[in-house]
Amino acid sequence: MQHTWELSAVRARSLRALLDLAFAGDFADTDYDHALGGVHVFVTGADDAMAGHAAVVARSMMVDGIPYRVGYVEAVAVDPGRQRQGIGDQLMSAVERVIVNAYDFGVLSASEAGLRLYRSHGWRLWEGTLSAMTPAGVNPTPDDADSVFVFGGPETAAGELTCDWRAGDLW
């Protein structure tokens, strides 16, 4: 586990290469930027090559207008040649320890490929409304309704969950 400031240039390049490989080239510069500034969890193989990665970054969110310090999970990726070997489970277990010990609760935006993993770790789909604090005020983000999951936090995953503003994907 390392904070972004601790990553060597070589490790940062290896991370970006893994993310590009795992997301089949569909990992934008803003997606990479979202994964920086927090804690990185790595799994390496016997050859010391990077086999998996997940990051937890701090974000400010509100539930029904009440602010929370959220551990937002970004850039969960496993080398395609090493998938289905428990690496995703290792990554999520470590991420969840960070969230439990440092944040009010966890949030992530799940891809279709990650749904089974997240659900198996107790992540719950947010069933309430979603919105984002934007330069124009609070705006609904209904297109993300089927992909935003929470870990811990409010007893019910309902109400309005509002994320902070950022470049690229808001969730």
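The values are calculated or read from the model by the stated rules, or taken from the named source; none is laboratory data. This is a predicted model, so every value here is computed, not measured. Every residue, glycine as well, gets a Cβ built from its backbone with ideal geometry; the counts of neighbours run over all protein chains shown.
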So which residues in the stretch 118-132 are without any contact (Cβ under 8 Å) to a residue 40 or more places away in the chain and among the aliphatic types (A, V, I, L, M), if there are any at all?
Leu125, Ala132
Please identify the pairs in which a residue from the stretch 1-29 that is of a type in the set (Phe, Trp, Tyr) has its Cβ atom under 6 Å from the Cβ atom of a residue that is assigned to a helix (DSSP H, G or I), counting only partners at least 6 apart or on another chain.
Phe27/Leu19; Phe27/Asp20
Search result, residues across the stretch 27-48 that are within 16 Å of the chain's Cα centre (by Cα) and farther than 18 Å from His3 by Cβ
Phe27, Ala28, Asp29, Thr30, Asp31
Working only within the stretch 154-169, note down all residues that are touching a residue at least 40 places away in the same chain (Cβ under 8 Å) and within 14 Å of Arg59 (Cα to Cα).
Leu161, Thr162, Cys163, Asp164, Arg166, Ala167, Asp169
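Hey, can you tell me all the residues within the stretch 91-109 that are of a type in the set (Ser, Thr, Tyr) and over 19 Å from Ala132 (Cα atoms)?
Passing the criteria: Ser93, Tyr103.
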Those residues of the stretch 4-26 which are exposed (fewer than 12 other Cβ atoms within 10 Å of the Cβ) and under 17 Å from the mean Cα position of the chain (by Cα), in sequence order
Asp26
Quick check, is Ser109 touching a residue at least 60 places away in the same chain (Cβ under 8 Å), among the hydroxyl-bearing types (Ser, Thr, Tyr) and either under 17 Å from Arg59 (Cβ atoms) or loosely packed, with under 13 Cβ neighbours inside 10 Å (or both)?
yes
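So that you can scan it fast, the table gives a plain yes or no per residue for (1) out of contact with any Phe, Trp or Tyr (no Cβ under 8 Å at 6 or more places or on another chain); (2) polar (S, T, N, Q):
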| residue | (1), (2) |
| --- | --- |
| Ser60 | no, yes |
| Val63 | yes, no |
| Arg69 | no, no |
| Tyr72 | yes, no |
| Gly86 | yes, no |
| Leu91 | yes, no |
| Leu108 | no, no |
| Ser111 | yes, yes |
Name the residue, out of Ser120, Ser93, Ser131, that is modelled with pLDDT of 95 or more and in contact with a Pro (Cβ under 6 Å, 6 or more places away or on another chain).
Ser131
Within the stretch 129-138, is even one residue surrounded by fewer than 16 Cβ atoms within 10 Å (Cβ to Cβ) and touching a strand residue (DSSP E or B) at 6+ places or on another chain (Cβ under 6 Å)?
yes
Given the residues Arg84, Arg116, which is the only one that is within 30 Å of Ala46 (Cβ to Cβ), surrounded by fewer than 20 Cβ atoms within 10 Å (Cβ to Cβ) and within 16 Å of the chain's Cα centre (by Cα)?
Arg116
Out of all the residues in the stretch 120-134, is one or more more than 21 Å from Thr156 (Cα to Cα) and not hydroxyl-bearing (Ser, Thr, Tyr)?
yes
Taking the stretch 146-163 and keeping only residues that are over 12 Å from Val107 (Cα atoms) and either among the hydroxyl-bearing types (Ser, Thr, Tyr) or surrounded by 15 or more Cβ atoms within 10 Å (Cβ to Cβ) (or both), one is left with Thr156, Gly159, Glu160
